Amino acid sequence: MINRVQRERGQSGFSMAEILVVLAVVAIMVAVSIPFIANYRRLYRSDEQSMQILDTMREASQLALTRRRTVRFEIDLTDNVLLLIDERAVGQHIVVKKLPLYALRELRYDVVPSGVTRPNPPNYNDAVFATDTLGHLEGTTPVTNHNVFALRFRRDGSVVNSAGTLTSATIYVFPPASYGSSTPRNIREVRAITIFGGTGAVRYWKHNGATFGAA
């Protein structure tokens, strides 16, 4: 009798009751894990965005060296994107890469976080956002007057600002305590990126609650 039941179960697969139990267990596991995953991503959002900015800056430097002309890196807060712009010629500044940024209610890039002292050394000036005067083309459409922070990577490896002046800078990335606030939600979530204008060398920093340390 037992052998017959086992044989019938083996022939027909799992019973409906067993399938329902498995589905119920999976549903419970998913319900428990979703908040954990969301909180995990929220906690490491500064790292994720900082690494994207860092990688894009490095890509700008490499493109400038290989194409033998200036490539501009921009953090554009008007469209909330990262841009790589190939400065082929006057009036021919073409976007070659566009990446979305987290919204300012989630991460800030445009101010110095309260209670934080910049990495020192190197003690580079804080990034300043201003109206874009160089502009670029989106397809065939000219785009100007956006609120941006721009770095122009030259073919000799150096980095200049919009006016062509050699520049070094410190960029901050952090989640605000509330929308529009310059106070970090948690000072340990503050990140910084420094770039040396002489060579284009970049470095990534994490705040430990007291000061920045190189990551």
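If amide hydrogens are placed 1.01 Å from N in the peptide plane, which non-local residues have theirs closer than 5 Å to the one on Ala169?
Distant-sequence amide H within range of Ala169: Ile195, Gly197.
Roughly how many Å is it from the Cα centre of region 170-212 to that of region 64-106, as a whole number?
Comparing the Cα centres of region 170-212 and region 64-106, I get a distance of 21 Å.
Amide H neighbours of Ala201 under 5 Å, counting only residues 5+ apart in sequence or on other chains, H built in-plane at 1.01 Å?
Under 5 Å from the amide H of Ala201: Phe196.
Indicate the helices, whole DSSP H runs only, in the chain that combine a mean Kyte-Doolittle hydropathy of 1.6 or more with a Cα extent along their long axis of 20 angstrom or more.
Span-like helices here: 16-43.
Measure of size requested: the Rg and Dmax of the chain, with Cα atoms as the atom set and Å as the unit; please supply both.
24.7, 90
Would you work out the relative contact order for the chain, in percent, from Cα pairs under 8 angstrom that are 6 or more residues apart?
The normalised contact order for the chain reaches 19 percent.
Assuming a ≥ b ≥ c are the square roots of the Cα gyration tensor eigenvalues, decide whether region 54-159 counts as rounded (a/c under 1.5), prolate (otherwise, with a/b larger than b/c) or oblate.
On the way: a/c = 2.07, a/b = 1.32, b/c = 1.57.
Here region 54-159 falls in the oblate category.
Could you give each residue of region 154-168 its phi-based ³J(HN,Hα) in whole Hz, using Karplus coefficients 6.51, -1.76, 1.60 with θ = phi - 60°, and x for Gly or Pro?
9, 5, 8, x, 7, 10, 10, 8, 4, 8, x, 8, 3, 9, 10
Return the calculated 222 nm mean residue ellipticity for the chain, to the nearest 500 deg cm²/dmol, obtained by summing -39500 (n - 2.57) across DSSP H runs with n ≥ 4 and dividing by the residue count. Intermediate values should be presented prior to the final figure.
Working: 3 runs with 62 residues, N = 215.
Rounded to the nearest 500, it is -10000 deg cm²/dmol.
How large is Rg over Rh for region 106-164, taking Rg from the Cα atoms and Rh as the Kirkwood inverse mean of 1/r across Cα pairs? Could you put the intermediate results ahead of the total?
Details: Rg = 14.7 Å, Rh = 14.0 Å.
So for region 106-164, dividing Rg by the Kirkwood Rh gives 1.05.
For region 97-215, count all C-alpha to C-alpha pairs, find those more than 16 Å apart, and express that count as a whole percent of the total.
On the way: 4561 of 7021 pairs.
The calculated P(r) of region 97-215 puts 65 percent of pairs beyond 16 Å.
In whole Hz, with x marking every Gly and Pro, tabulate ³J(HN,Hα) for region 101-108 from phi via Karplus 6.51 cos²θ - 1.76 cosθ + 1.60, θ = phi - 60°.
Each residue's phi maps through the Karplus curve to give 9, 4, 4, 5, 6, 9, 9, 10 Hz.
Any read-out appearing in this document is the output of simple, stated calculations on the displayed coordinates, not a laboratory observation. In this text, all values refer to a predicted model and were calculated from it rather than measured experimentally.
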